[in-house]
Every structure is written in C-alpha cells, then in structure tokens.
Amino acid sequence: MRRYVMTSAAILLAAPAMSAAAQEGGQTPLGQELESEWDGSLEELFLTFHRNPELSFRETETAKRMAAELKDAGFTVTENVGRTGVVGVMENGPGPVVMVRADMDGLPVKEQSGLDYASTATQEDIDGEVKPVMHACGHDTHITAMVGAARALAARKADWSGTLLFVVQPAEERIGGAKAMMEDGLYERFPKPDYALAFHVSADTPTGKIGLFPGITASSSDSVDITIHGVGAHGASPHMGKDPIVMGAEIVMALQTLVSREISPLAPGVVTVGSFHSGFKHNIISDEAKLQLTVRSNDNAVRETLIDGIKRIAANVGRMNGLPEDRLPEVRVGFESTPVTVNDPELTERVRSALTSGIGPDVLLAEDDNEGMGAEDFAYFAAPNTDVPGAYMWVGGTPQAVIDAAEAGGPPVPSHHSPQFKVNAEEAVTLGAEAMTVAALDLLPKS
Ligand SMILES: [Zn+2]
Ligand SMILES: [Zn+2]
C-alpha cells in the first residue's frame, strides 16, 4: 500500500478516507478544493481560453496568460521556449523532478458547438491565410487544469519535496511543438525530469473516469504532401494535357490498398487523404494537384511500409500516365511527424495506484476505450525517445448518459476536431487537475 507522510494535508490524501468518500459518491477534499477554484476563477479562465483560441505556434496571448498564472502560483517562469512555449519551475527541496505538460493550441475550425461561449475568433495562420479558430480538441481544458494543479501543489509545499517542471507546449496539432521545445534545450536549460506526465481530455471517455494504460497509448503520425505535376490544357482537349486531377484520383484510390492489402490485418494502420486541391475553372485542365495525407501506425515497420507504399504508388501512377521520370509526383514526408507514445509500465502502475487511492477506487477505466489512432507529440518528451519514463492519460469529457444515448442510436458524441466538439469542461478541468496533483504528490514524497 502507498505510504504518505502524515502531515495534515497528506492525511487527506490517504487511501482509506478517499476510498470511502468516493464510494459514497462524494468528493475528495482536493476535489472539493478544485471545484471551488473552478467556481472562483478557473471557469472564467477556461472561458477566456475557449473564446480566444490561437493557432499552432501563434499562441502568444495564451502563452502570456499561462506565464502570468504560473508566476502567480509561485513558479519561476521562462517564456518563448520552442517559439511560444512556457516553462514554469518550482523548486521545493531535494527529490526528483516531475514534469507536467499541457498543450495550448486551437485548430482552424469554425465552431458550431451551439455553446453560448462558442469561439468566433479568426487568426492569420503561419501560411498567411486568415482562418476561423476553435479549441476543437479541448486543449483549453488542459491548460486550465494545469493552473489548478499549479495552485494545489503550491498550497501543499509542506507535503512534497523535489521540483516541478510545468511545460506549456505550443503546436501539438502541428505535431511540432514538443520537438521545438526539446530542440530549444528543455532538458538542458531546465531541471531534467525523472518522470513526465500529461493528460488529454477525451470525448469518448465518461466524465469522472481516467484511462491510463501501460504500453502504446497514442499512435505515430506522419503528415505527407503529394504534389502532382500535370500539363495544363483546354478542358475540351484533354489529349493535349496530363490531367493531375485524374492522376490524383488514381492515387487516392490506389492508396486504399495499402492498409487493406499490404499490412497484417492484426496491425493497425491508417492512410487518410485529408485534402485534395486542384484547378480553378470548369473548362481548364489544371497543371497541378496537391494532396495532404495523415499516416498512423503503432509500430515502425508498419509506418515504413505505409510511407514506402505511398511513394511507390505516387511515382507509378505518374509513370502509368506517361509522365517523364523527372516529372513524377513528388512526395514530401518528415516535416510533421511524431513517433508512438508509450507509457512506461512501472510509472503507469505507480500512478494508477496513486489515482485509485487518492481520488477513488472507481476513477480508472478498466479497459482501454481508445478506438482511434490519435497521435500525440508528448512522445518527444518521453521514453523510448528520451530516457524519461512517461505516463499519458485520458480524462473523461462526456457524461455517461450522453455516451449511452449515442450508443442507443441517439445523437452521436461529436468527435475531437469537429466543429460540434464540446466536452464538460468543469468535470475535465477539475479531474485533470486532481489527477496531475495526486500523481505529482505521489512521485515527490517527503522523506
Ligand atoms: Zn487534436
Ligand atoms: Zn489534442
């Protein structure tokens, strides 16, 4: 059984008291405290973030606010780490370093959630285009929860010993932010963590529940661009040109055989063409088409098979259409990619046990409910890509009744990245903050 140092606040976290509270459907004292923080100021902070989302690597106002909040909580704060990232350090005696990471970027999506606090924001993206912006992945809950955890841990300094490293990460959605922070010396300029923690709100997970499992917990992701160089012509004279739209369509269809015919049916993989752009007018054969793909897998061999297959198909569709060798479709990879996120088994077990004793015996999901191939650039911070063990968890965002109704044929639960995306922010923020606090306290025991 987990041993807490029995200072007054730590007694409140001891297992028997918590289990009893949770079994009665009540809340832990820490949970109650975070609930009043929500009513007091976290809700307002969340609404500010939700109404003012910012795109990847453009999160300047969000970063400023997070820097101010962490400073207020007593952290030593450094801004502009990995472009717009923020790092907060709280040193509190000897002991390990625990990193808590929250990502802060929104997405180029026009919000149609129907919420009265829906975003109407627009922003110029790094490509120069002005786009609608929405927190369509729930990163606003992550940063708000981080502020809650920062305050809770600062208030409990007597109960832990060690160092907190709070990392506010930009550009998770472009899977570039974690890498940018690492390249900017996150583990050299600041205390290097012994453990790395993070959570993601999950629309598929019931509120009040946390999913935390050893091993692979998020897939690898690679963005791929294909540029097809055709030969433009009059729409009435197709024989005079090389139609890039027809070649693009052939590529899209041929790509469908990669997952179905080239990888084992027992190995998951995804090749999705998310964007296909070409042409300006009915009667002009365009001279170029551009495709944007995302590729997901849970192991390197599958990842390589899929990427090699994309290159082979693109080139050979070009050949099939009579393009010369120096004009074959171009395939670009490696500009946005993240490896598989793997939870360290030992750390996962330790945090699971801390969450059950600190929050309640029913807080953990019994089984992994992850049905998709979401990717996470948290992978860049943790083993096997560094020597820091990581634990990445999913925190419930949708009431069980809504999930049940959807399963019974009712309105579907809107997915992450959709314009309808909405989660129960209060539940996600308070439980996310509680989980980070309880885990950090367990990993930073006072000797
Ligand atoms: Zn996302
Ligand atoms: Zn996300």
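Quick note on the stretch 251-313: its Rg to Rh ratio, both from C-alpha atoms and Rh being the Kirkwood radius, is 1.09. Rolling a 1.4 Å probe over the protein heavy atoms leaves residue 417 with an accessible area of roughly 90 Å². For the chain, what does the alpha-carbon gyration tensor say about shape, rounded, prolate or oblate, given a ≥ b ≥ c as the root eigenvalues, a/c under 1.5 as rounded, and a/b over b/c as prolate? Here the chain falls in the prolate category. Near the amide H of residue 219, within less than 5 Å, lie the amide hydrogens of 341, 374, 375, 376, all on another chain or at least 5 residues away, with H placed in the peptide plane. With a threshold of 30 Å on the Cα-Cα distance, the over-threshold entries among 179/281; 192/311; 71/446; 242/311; 179/290 are 179/281; 192/311.
For the stretch 242-252, the Karplus equation 6.51 cos²θ - 1.76 cosθ + 1.60, evaluated at θ = phi - 60°, returns couplings of 10, 7, x, 6, 5, 5, x, 4, 5, 5, 4 Hz by residue, with Gly and Pro reported as x.
With the whole protein complex present, residue 117 retains an accessible surface near 40 Å², based on a 1.4 Å probe. The residues packed around residue 233, meaning those with a beta-carbon under 11 Å from its beta-carbon, carry a net charge of -1 if Lys and Arg are +1 and Asp and Glu are -1.
Taking the longest Cα principal axis of the chain as reference, the axis of helix 60-72 is set at about 10 degrees. By a 1.4 Å probe calculation restricted to protein chains, residue 183 has an accessible surface near 140 Å², given to the nearest 10. Ordered by 1.4 Å accessible area with all protein chains kept, 51, 303 run largest first as 51, 303. Listed values for the stretch 257-266 are Karplus-derived 3J(HN,Hα) couplings in whole Hz (6.51 cos²θ - 1.76 cosθ + 1.60, θ = phi - 60°), namely 7, 4, 6, 6, 10, 10, 10, 4, x, 8, and x replaces Gly and Pro. Placing unit charges on the Cβ atoms of the charged side chains and taking the dipole of the stretch 220-338 about its Cα centre, the candidate lying farthest along the positive direction among 224, 338, 276 is 276. Charge tally for residue 327 (other residues, Cβ to Cβ under 12 Å; Lys, Arg +1; Asp, Glu -1): -3. Solvent-accessible surface of the chain, taken per residue with a 1.4 Å probe and all protein chains present: 43 Å². Under 19 Å of direct C-alpha separation, and excluding same-chain neighbours fewer than eight residues apart, residue 131 reaches these aspartates and glutamates: 54, 59, 61, 105, 111, 140, 172, 173. Kirkwood analysis of the Cα pair distances in the stretch 220-338 returns a hydrodynamic radius of 14.8 Å.
Centre-to-centre, using Cα atoms only, the stretch 246-266 and the stretch 371-445 are separated by 31 Å. Of 72, 287, the residue with the largest accessible area leads and the full order is 72, 287 (1.4 Å probe). Within the shell defined by Cβ-Cβ distances under 12 Å, the residues around residue 303 carry a net charge of -3, with Lys and Arg each +1 and Asp and Glu each -1. Coupling constants for the stretch 397-409 follow from the phi torsions by the Karplus curve (6.51 cos²θ - 1.76 cosθ + 1.60, θ = phi - 60°), and in residue order they are x, 10, x, 3, 4, 5, 5, 4, 4, 5, 5, 8, x Hz; glycine and proline get x.
The stretch between residue 189 and residue 266, if pulled fully straight at 0.36 nm per residue, gains 23.5 nm over its current Cα-Cα span. Taking the accessible area of the stretch 220-338, probe 1.4 Å, and keeping the other protein chains in place, the carbon and sulfur fraction comes to 55%. Over the residues of the chain, the helix contribution to mean residue ellipticity at 222 nm works out to -10000 deg cm²/dmol, using -39500 (n - 2.57) for each DSSP H run of at least 4.
The values are calculated or read from the model by the stated rules, or taken from the named source; none is laboratory data. What you see is a predicted model; the values in this text were computed from it and never measured. Heads up, the Cβs are rebuilt from the backbone with ideal geometry, glycines too, and the neighbour counts pull from every protein chain shown. Calculation scope for accessible area: heavy atoms of the full protein, side chains included, ligands and nucleic acids excluded. Shrake-Rupley method; radii C 1.70, N 1.55, O 1.52, S 1.80 Å.
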